[in-house]
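Following: one structure in structure tokens, then a few remarks.
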Amino acid sequence: MAVTLKTVVLDSDRCIGCITCMRRCPTEAIRIENGKAKIQYDKCINCGVCVRSCKGGAKRPVYDSFDLVASYKYKIALPSPSLFGQFNNLDDPNYVIEGLLALGFDEVFEVGLAAELVTDCTKKLMADGGLVRPVISSACPAVAELILLKFHELADHLLPVYAPAKVAAKLAKRQALEKGIPADDIGIFFISPCPAKVYSLHREEVSNEKNISGVLAQSDIYFRLVDKMNKIEKPRKLGKCGYSGIGWGSSGGESNSLGLGNYIHCSGSRNVLELLKEMSDGKLDGTDFVEMNMCSGGCVGGVLNVENAFIARNRMRQLADKMKIPPATMEQYGLDEKFFIWDKAPELSTAFQLDPDRFKAMQKLLKVQEYLKKLPGIDCGACGAPSCRCHAEDIAMNGGTLDCVRLEERK
């Protein structure tokens, strides 16, 4: 699959025009036109909120087919920490690893292990004092996209370190090449809890190299894994991830692993938006680290999971309590900070610009303000836009006339 647009698509035939998705979208990227939803993809951050809220099942997440795995001779699976929370009564993560090998993968590299290495790198970078405080975790790609889209003033606060899945892919490929396996034979597949990670890993905006061959859905892999796992009597001790890496699958896991006292973590799109607004106003300037997840509960709340986020989170906590493996360090793997640092900074989005020309943008802003004086300001959504301001901006940018039932009622 070549992901050139976004990883949430709309089936117009199933759309009932209920405006629920338009109301819930954190970036106001959805409009209702002629009784059907329409996604403005330049404002979409692939968070999957519309997928979860769609009453008609018209929103669908996009991910790679499992059939793609068979096209590579040497296949490596990268399981997300949240995958381990999907299984009932799982007391040993090695059952999942053995199950993935039974599915046809030749190797399993735990993303939780890469998360521990990212933690070690982050600790050193923060101790050096070169990062802009408060440092914002860049692990959730939907949060990073939201900042690049609407909160440009916070972009330099993003932690310039690769997300654990990208680190896992780099290390897995390096180790496979060291074994003498030809590069063209190596297929590396991340098992994702959300469409935002699917898009981010295919896009590789902050890296000059691409190591991921495909991104699979946890919901798809789960049903394939259950049968394989049920046939395993006693798994081998293959796992290298410790309790710290498993914790990354839930909100607060990254912050806790850093051992900082002055940090904030939150999850859920509404909470993230509110916290970013507070940061934009300078109210968190005394904080060292901020961890945000667009999905409620963290990655366990992604729409590509099968289990309730809170149940999965409880399972992962119990599993982590049983794990005695200490967190991995960069020194153990012969790595330094350069291995983790972005090759390049991500680009800021201009999707919310009224016009690239400043003079024209100012003229359009005056029009927006003129239209807002006429509109009732109750954000009812009857016009097909999520708010009166969005409707005014749409008219100012694209032309047309105000379409408000309340204006008609006043006449």
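Laid out as a table, the results:
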read-out	value
Wholly within the stretch 20-138, helices (runs of 4 or more DSSP H) carrying at least 1 residues that are in contact with a Gly (Cβ under 8 Å, 6 or more places away or on another chain)	20-24, 94-102, 111-128
Of all residues making up the stretch 341-387, the number that are of a type in the set (Phe, Trp, Tyr), in contact with a helix residue (DSSP H, G or I) (Cβ under 8 Å, 6 or more places away or on another chain) and over 23 Å from Leu148 (Cα atoms)	1
Subset of the stretch 212-231 that is in contact with a Ser or Thr (Cβ under 9 Å, 6 or more places away or on another chain) and surrounded by 19 or more Cβ atoms within 10 Å (Cβ to Cβ) - its residue that is nearest to Ser80 (Cα to Cα)	Gln218
The stretch 366-411 - residue that is without any contact (Cβ under 8 Å) to a residue 12 or more places away in the chain and under 21 Å from Thr27 (Cβ atoms) and, of those, surrounded by the most Cβ atoms within 10 Å (Cβ to Cβ)	Asp379
Filter result (in a loop (DSSP other than H, G, I, E, B) and either closer than 19 Å to Cys299 by Cβ or under 15 Å from the mean Cα position of the chain (by Cα) (or both)) within the stretch 207-219	Ile212
Condition broken by Lys197, with the remaining ones in (1) more than 24 Å from Leu275 (Cα to Cα); (2) part of a helix (DSSP H, G or I); (3) of a type in the set (Lys, Arg) satisfied	(1)
Residue in the stretch 289-301 that is of a type in the set (A, V, I, L, M, F, W, C), surrounded by fewer than 19 Cβ atoms within 10 Å (Cβ to Cβ) and part of a helix (DSSP H, G or I) present	no
Residues that are surrounded by fewer than 17 Cβ atoms within 10 Å (Cβ to Cβ), within 27 Å of the chain's Cα centre (by Cα), modelled with pLDDT of 95 or more and in a loop (DSSP other than H, G, I, E, B), drawn from the stretch 321-344	Thr329, Asp336, Asp343, Lys344
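The values are calculated or read from the model by the stated rules, or taken from the named source; none is laboratory data. Please read all numbers here as calculations on a predicted model, not as lab measurements. In this analysis, Cβ positions are derived from the backbone assuming ideal geometry, glycine residues included, and neighbour counts consider all displayed protein chains.
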